[in-house]
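A short worksheet on the structure shown next.
FYI, it's all coordinate maths here, none of it is from the lab. Fair warning: this is a prediction, and the values are worked out from it, not measured in the lab. Here the Cβ is made from the backbone with ideal geometry for all residues, glycine too, and neighbour counts use every protein chain on show.
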């Protein structure tokens, strides 16, 4: 994965449907700087895009939509609201667990918190993307040797 950019705005509201009424972004991905040899780099050129809740961490590797170099793309989004159901209607607690490294609870934040805690406990370092954690960044060999 390359460099990650975020467009974050709680004020950007789209009230008219249609492809011509949304966010338009043009990127120069500088494809001439890409390595075409799989041994020395990623031969694919393009971007991955993910639309997610403002308070939720991104999971571009899992849920990103790829857009190839020189092409355009459209992403259709729908908002789905889920309410946790506590007993006797469900198995969820009426209170959300408090997370140590994220301000808001979500499944994505919970999974990332679990990964962070595992690495800190097992390896005494943090993943490269967990910049909010006060610990040294894990080297690849540390993760391979101790995280199991």
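With 10 angstrom as the radius, rank 119, 27 by how many other C-beta atoms surround their C-beta, starting from the fewest. Fewest to most other Cβ atoms nearby, the residues stand as 27, 119. Distance from the C-alpha centroid of the stretch 63-78 to that of the stretch 99-116: 26 Å, rounded to the whole angstrom.
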